[in-house]
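Following: one structure in structure tokens, then a few remarks.
The values are calculated or read from the model by the stated rules, or taken from the named source; none is laboratory data. Remember, it's a predicted structure, so these values are computed and weren't measured experimentally. Here Cβ is always computed from backbone atoms with ideal geometry, including for glycine, and neighbour counts include all displayed protein chains. Accessible surface areas use protein heavy atoms only, side chains included; no ligands, DNA or RNA. Shrake-Rupley method; radii C 1.70, N 1.55, O 1.52, S 1.80 Å.
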Amino acid sequence: MLKRPNTLKNSEQELRIFRVRALLAVLLVMTLASLLMGRLIYLQVVQHDLYSTRSENNRVRVEPLPPNRGLIYDRNGVLLAENRPTYNLTLVRERVDNLDETLALLVELLELPEEEIEAFNVRSRQRQRPFQPALLTSDLNEDQIARLAVNRHRLPGVEVEAQPLRFYPDAEVMAHALGYVGRINAEEMQTLDAGRYAGTHFIGKTGIERFYEEELHGQAGLRKVETNARGRVLRELGRTDPVPGKNVTLTLDRSLQMLAYELLDGRRGSIVAVVPDTGEILAMVSTPGFDSNQFVTGIDVASYRALQEDLDLPLFNRAIRGHYPPGSTIKPFLALAGLVEGVITPDSTINDPGFYQLPNDSRRYRNWLRWGHGRVDMERSIAVSNNTYYYTLAHDLGIDNLHEQMSNFGFGKRVAHDVQGESTALMPSRDWKRGRFNQPWYPGETLSVGIGQGYWQVTPLQLASATAALANRGHWVKPRLAHQIGDTPVPRDLPDTLDDIVLANEGWWDRVFSGMEKVMTGHEGTARRTGVGLEYRMGGKSGTAQVFSLGQDQRYNADELAERLRDHALFMAFAPLENPQIAVSVIVENAGGGSTHAAHLARAMTDAWLLKEEAPDVEDVRGVLEQDNANVEGN
């Protein structure tokens, strides 16, 4: 008979099991509660500052407020650089979930051409400070803004900002003098003050825009705003207004600048005009020019390549960086050097047979008039631009004295105050040649320097500055472009101004001026046709700078030369003679004789400034030039 199992409950055992399970459950619950409580304490107490800040940042955002850039005016209050309202597209990388997808969508919405897509992508990855917006593109049109607005929910971190954009009304005429602003690049970003340039996307790159960047830029502000989960601004919580940049009033006269540009008529060259007594630069033109507005928003690759490959070099500022042999324009300065060194007197004469020979040398250094000018004194040497007189003078002076005296007039030096990028050009010397070529200086090279050829090179600004110092009877005033910064005038007495040139006899100035006046009005003057009908006394000097050297028995024939091998035409002048109010230098590349091709342009500039209401008509000046082109005479 089988035994049946005992089915009676063991209450005691079950109670023990229950108690164990209950205890484990309580322990588990308490452990979990402790962990949860510990985590809460950690988050609420230990990490309180961190998470409260993150929470606040999700709701409150600090946005930079870029300042309005200062405006630029000419001396008469005419606006030369303004701020035009526009819309920019910016991106904050830290707020973007997928940068590649966002960029692809933006390219599609903006309908960017192929050549701009690469630059667009590069700008999006340009190094920025954390949470600082990167400028992707500027000057959005209405259609682009509308497409971006419709798709805003798909573009976190992307914003369309209303900001003023720099605009130059007379871009081509003023490009080299004013310069331009452009996008801040990665290298500049590392050196700029983060607070001052917060939210700013543009900086001065060249010219006045760069030299006075600190004054024009201003100080950035900020505003604190509350946003929703999508980043949309709900309300403004606080604001620190930006400080706008200071306006800059220049010494330039827009009408005179425009006249100079029109007179050059697209030819390669430069005109610079200065007020001798104050150093104010009235006009500083380099042609051909270029549209500086293209560089503000970022010039496209094809347009920039076209400017770079243009044989006329429109990007090159000839006024301050062009190096030209001064030719015979420097003869008045050399005459003064001879007087100072006691090599000549105002009445010293030579007999010119049409050439000069060094002692024990068979080579003939020819005068431009092959049969010579006969008996020549100092004043006549200037009026007829006699080379033989200055070969003799240069040889007697020697290169050391010649270098020292010409350096006193600013040749071989930077002469201006606020002209960014100005070149020193070259005033040669023994030491320079030894260092450059490891060769000694030869007497024949001194003769070349004596007529403004050889190694000697000047810029149009240097020539105008030296002419102003000559007009001032040796008193140096540093040329400058800025007349006033905000409400503060730029002082006339500027640091590093060259020392005044003091002559032992003040009457020497008058004798040199007399020779320069005869250039314009004397019966032998090289620019006497330009001086016809003058209503004031004017002193000038023409110059013709060789582009290449002629052989011993060769004669210059412009018709047989390629256009770019022809001589440069130069002219320097000041007026009125008794109380100079304007000094001018003119250089026209490959134009031929300075007495015909450059003198009329200088006369037109002095007429415009001194007569004002009777300013010359550009077409009339061109007509006179055409008449004189067939009668090239002298230097």
Checklist line | Test result for PRO276, surrounded by fewer than 21 Cβ atoms within 10 Å (Cβ to Cβ) and touching a residue at least 12 places away in the same chain (Cβ under 8 Å) | finding: no
Checklist line | Candidates LEU358, LEU339, filtered to the one that is farther than 22 Å from ASP567 by Cα, in contact (Cβ under 8 Å) with a residue 12 or more places away in the chain, of a type outside the set (Asp, Glu) and assigned to a helix (DSSP H, G or I) | finding: LEU339
Margin query: Between a residue in region 430-443 that is farther than 15 Å from LEU402 by Cα and among the polar types (S, T, N, Q) and any residue that is in a loop (DSSP other than H, G, I, E, B) and open to solvent by 80 Å² or more (accessible area, probe 1.4 Å), which pairs come within a Cβ distance under 6 Å, given they are 6 or more apart or on different chains?
Written below: none
Notebook entry, point to check: Got at least one residue in region 346-367 being touching a helix residue (DSSP H, G or I) at 6+ places or on another chain (Cβ under 9 Å), at pLDDT 95 or above and small (Gly, Ala, Ser)?
Noted result: no
Check: Is it true that some residue in region 449-467 is assigned to a helix (DSSP H, G or I), open to solvent by less than 10 Å² (accessible area, probe 1.4 Å) and farther than 18 Å from VAL586 by Cα?
Finding: yes
Next item on the list: Kindly provide the set of residues from region 381-421 that are in contact with an Asp or Glu (Cβ under 7 Å, 6 or more places away or on another chain) and not in a helix (DSSP H, G or I), ordered by number.
Entry: VAL384, ASN386, ARG414, ALA416
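Check every one of the strands (runs of 3 or more DSSP E) wholly within region 137-210 and list those with 1 or more residues that are surrounded by 15 or more Cβ atoms within 10 Å (Cβ to Cβ) and acidic (Asp, Glu). Steps first, please.
Numbers: elements: 158-167, 181-183, 202-204.
Where strands (runs of 3 or more DSSP E) fall fully within region 137-210 and carry at least 1 residues being surrounded by 15 or more Cβ atoms within 10 Å (Cβ to Cβ) and acidic (Asp, Glu), they are 158-167.
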Margin query: For region 422-445, give me the residue count where each residue is assigned to a loop (DSSP other than H, G, I, E, B), open to solvent by 30 Å² or more (accessible area, probe 1.4 Å) and either among the aliphatic types (A, V, I, L, M) or on the phi > 0 side of the Ramachandran plot (or both).
Written below: 1
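Among the residues of region 468-492, what is the count of those that are part of a loop (DSSP other than H, G, I, E, B) and within 23 Å of the chain's Cα centre (by Cα)? Even if it seems obvious, please write down each step before you answer.
Going through region 468-492, the residues part of a loop (DSSP other than H, G, I, E, B) turn out to be 472-479, 481, 486-487, 490-492.
Those left that are additionally within 23 Å of the chain's Cα centre (by Cα): 477-479, 481, 486, 490-492.
Going through region 468-492 one residue at a time, the tally reaches 8.
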